[in-house]
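To start, the structure under review is shown below, and the notes come after it.
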Amino acid sequence: MSENKKPSGLKFSPWWISGAVIFMFIVLNMLSGASMQDPAKISSSKFDELLNSGQIEKVIIYNKNQAEAFLTANALKDKANKKVATDVFGNSNKGPHYVFDPGNDELFQNKLVAARNQKKIKDFDFQTKNDWSGIIFQILPFILIIGIWIYLMRRMSGGGAGGGGGQIFNIGKSRAKLFDEKSEVKTTFKDVAGLEGAKEEVQEIVEFLKNPEKYTVLGGKIPKGALLVGPPGTGKTLLAKAVAGEAKVPFFSLSGSDFVEMFVGVGASRVRDLFKQAKEKSPAIIFIDEIDAVGRARGKNNMSGGNDERENTLNQLLTEMDGFGTNTHVIVLAATNRADVLDKALMRAGRFDRQIYVDLPDIRERKEIFEVHLAPLKKVEGLDTDFLAKQTPGFSGADIANVCNEAALIAARNNKAAVDKQDFLDAVDRIVGGLEKKNKIVTPEEKRAIAVHEAGHATVSWMLEHAAPLIKVTIVPRGQSLGAAWYLPEERLIVRPDQMLDEMCATMGGRAAEKVIFNTISTGALSDLEKVTKQARAMVTIYGLNDKLGNVTYYDSSGQSEYNFSKPYSEETAITIDKEISTLIESQYDRAIQILNDNKDKLLQLADILIEKEVIFKDDLETIFGKRPYQKDIEENTEFTA
């Protein structure tokens, strides 16, 4: 487990092992009196020649089958013995200089006795020795292989949980990080703004762990698991951190990908080890982030063949969460952005009893999130957080944190003493529209076409009842767009056909303005066409808002359609769908052209102001068009349209 530190000291390495073996070999050779150069091998007749000429000083016979000859000092000066006179470092070689097979030991001994009596040799000796160097050279490859294997196993085990970071067989250990009374987790529920419903659900789990008698006295049981589902950046992991800070029980945190490994059986082993640790410390909480990495539906992708390691890991997780011997005091929290791809067995009651949907924040929750992230900033007095919340529709908690940080950076770039309202507006523009490209070269003709296009959006949206009212229009290039418009759409819970049609008409206003003024169209409406095509397709195939197709939807909320390569409707229906989508788009395009023809002079006036100022606001539209025909108090948020 993470609280146990790995032992300090010298790390295993194949180079250290190799060096140690070589060092031992040198020491053994030095201790045995051997030189740094192997003696030359000669025949017995050559030895007799050296012996009879008085060049041999000493002979040592090992194990009666190998003899080593040492030359005299005078013999070493002879050119014939030049090769054995010095060692590899150029120093005088003290011997042995030659090695040979003595043959019959009794005859050889008599020969040496006679030579000693004739003073042709000083001495000889019979000894027994073990050839350690030969043995070491034989086992050296095996030592190196074992050393490298140990090194690789330690690298793969890499400090996993369970205190086994220094053990060889640690690859199957859980890699979960443990947070307990020794770990300082500062995040609490006070740090989680908004998410009231989700907080209430997880707070109850924390309360159960702190005071279980309150619930068990009535016969209630603690939920075995809770699944946090929602778009990215909405605060699922933050909510889990708050649980870790509030629960005051052991909290194991890891990612779904931590179970996945290239070795067969490792994932299941890590699941077993994780729950074993949690049960030993129960009551405890396990948090698995991005559980879809291991919890995807089984049997959907059998193209790989064989035994799927991920499915084995999921099977083990299912068994641990609700099987024989399950410990009810271990609660599993999990988070995912894609609950639709999870296995049904994982989602059933008894494993994940609760599915807590963490949605994008509404305007009230955005205000609370802003207040949390504004606290550490040095900002101007009286900064209107209500206004900031209105300017960030569809922003997640992570997006709002990014806006606050970007605003602080912009203020610092402009050498301001505090962050003000304009810095936040610039930050929203920067995040939604992209970086302002002041050096992009735009010809006068292109600039006028862009101005007419954006003025078309503004004009049509101003004249329609259900279209979102415009706040700002710009022809300054940002990101990939050459111009942009910001709107304040209503946050509707349900949308009616006339509302969707008005929005489609306003989106087509840019291309319609090009047609009305220049009698031609351009590629600048790509994003508009993409948006209206998606809206029209949704009306026809998802929401059942088309008269010809009737109350039929081809939407699959279970997510199984992504694995089905066939259409859920016939070819005749497909033709009808394509025709109805085209009819919807063309009707709103013609409607936008009619509105712009009726207000052509005002459209041109607005385009001229855009060319002059590059940015216009709601007040400029009121000056040209007068009060909006369907004016109402707007208390909602901003939307960006390129």
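Figures for the structure shown
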| read-out | value |
| --- | --- |
| Residue in segment 44-67 that is modelled with the lowest pLDDT, counting only those that are open to solvent by 60 Å² or more (accessible area, probe 1.4 Å), on the phi < 0 side of the Ramachandran plot and part of a loop (DSSP other than H, G, I, E, B) | Asn65 |
| Failed item, numbered, when Glu446 is tested on (1) among the acidic types (Asp, Glu); (2) closer than 30 Å to Gln594 by Cα; (3) within 35 Å of the chain's Cα centre (by Cα) | (3) |
| Spans of helices (runs of 4 or more DSSP H) in segment 379-442 with at least 1 residues in contact with a helix residue (DSSP H, G or I) (Cβ under 8 Å, 6 or more places away or on another chain) and of a type in the set (Phe, Trp, Tyr) | 385-390, 421-433 |
| Residues within segment 411-443 that are small (Gly, Ala, Ser), within 35 Å of the chain's Cα centre (by Cα) and open to solvent by 30 Å² or more (accessible area, probe 1.4 Å), tallied | 1 |
| Of residues in segment 609-626 being without any contact (Cβ under 8 Å) to a residue 24 or more places away in the chain and under 23 Å from Pro444 (Cα atoms), the one nearest to the chain's Cα centre (by Cα) | Lys613 |
| Test: residue in segment 343-351 that is open to solvent by 50 Å² or more (accessible area, probe 1.4 Å), closer than 20 Å to Glu201 by Cα and of a type outside the set (Phe, Trp, Tyr) | yes |
| Filtered residues of segment 68-77 (kept if closer than 17 Å to Lys119 by Cα and assigned to a helix (DSSP H, G or I)) | Ala73, Asn74, Ala75 |
| Residue match in segment 224-231 (condition: open to solvent by 40 Å² or more (accessible area, probe 1.4 Å) and closer than 16 Å to Ala334 by Cβ) | yes |
| Candidate set: segment 68-115, residues that are open to solvent by 20 Å² or more (accessible area, probe 1.4 Å) and polar (S, T, N, Q); chosen: the one farthest from the chain's Cα centre (by Cα) | Asn110 |
| Only listed residue being touching a strand residue (DSSP E or B) at 6+ places or on another chain (Cβ under 7 Å) and modelled with pLDDT under 90, chosen from Val428, Val419, Val432 | Val432 |
| Residue list for segment 228-258, restricted to those being under 22 Å from Pro212 (Cβ atoms) and of a type outside the set (Val, Ile, Thr) | Leu239, Ala240, Ala242, Ala244, Gly245, Glu246, Ala247, Lys248, Pro250, Phe251, Phe252 |
| Residues satisfying the stated conditions in segment 374-398, i.e. open to solvent by 60 Å² or more (accessible area, probe 1.4 Å) and either aliphatic (A, V, I, L, M) or within 21 Å of Asp191 (Cα to Cα) (or both) | Ala375, Pro376, Lys378, Lys379, Asp384, Asp386 |
| Segment 251-262, residues that are outside any helix (DSSP H, G or I) and open to solvent by 20 Å² or more (accessible area, probe 1.4 Å) | Ser253, Ser255, Val260, Glu261, Met262 |
| Boolean, Leu529 is part of a helix (DSSP H, G or I), modelled with pLDDT of 90 or more and touching a His at 6+ places or on another chain (Cβ under 9 Å) | no |
| Segment 265-284 - residue that is outside any helix (DSSP H, G or I) and closer than 19 Å to Glu207 by Cα and, of those, least open to solvent (accessible area, probe 1.4 Å) | Ala284 |
| Residues of segment 213-223 satisfying the condition of being part of a loop (DSSP other than H, G, I, E, B) and either over 40 Å from the mean Cα position of the chain (by Cα) or surrounded by 12 or more Cβ atoms within 10 Å (Cβ to Cβ) (or both) | Val217, Leu218, Gly219, Ile222, Pro223 |
| Qualifying residue in segment 310-318 (condition: at pLDDT below 80 and not hydroxyl-bearing (Ser, Thr, Tyr)) | yes |
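Every residue, every condition in (1) open to solvent by 20 Å² or more (accessible area, probe 1.4 Å); (2) closer than 23 Å to Arg366 by Cβ; (3) in contact with a Pro (Cβ under 8 Å, 6 or more places away or on another chain); (4) not basic (Lys, Arg), yes or no:
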| site | (1), (2), (3), (4) |
| --- | --- |
| Val460 | no, no, no, yes |
| His466 | yes, no, no, yes |
| Ala485 | no, yes, no, yes |
| Glu490 | yes, yes, no, yes |
| Pro497 | yes, no, no, yes |
| Met504 | no, no, no, yes |
| Arg511 | yes, no, no, no |
| Ile517 | yes, no, no, yes |
| Ala525 | no, no, no, yes |
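So that you can scan it fast, the table gives a plain yes or no per residue for (1) modelled with pLDDT of 90 or more; (2) within 30 Å of Ala339 (Cβ to Cβ); (3) in a helix (DSSP H, G or I):
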| site | (1), (2), (3) |
| --- | --- |
| Lys548 | no, no, no |
| Tyr554 | no, yes, no |
| Ser561 | no, yes, yes |
| Phe565 | no, yes, no |
| Tyr569 | no, yes, no |
| Ile575 | yes, no, yes |
| Asp578 | yes, no, yes |
| Thr583 | yes, no, yes |
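The values are calculated or read from the model by the stated rules, or taken from the named source; none is laboratory data. Every value quoted in this text rests on a predicted model; they were computed, and no experiment measured them. Neighbour counts run over all protein chains shown; Cβ positions are idealised from the backbone, glycine included. Accessible surface is based on the protein model in full, side chains and every heavy atom, while ligands, DNA and RNA are left aside. Shrake-Rupley method; radii C 1.70, N 1.55, O 1.52, S 1.80 Å.
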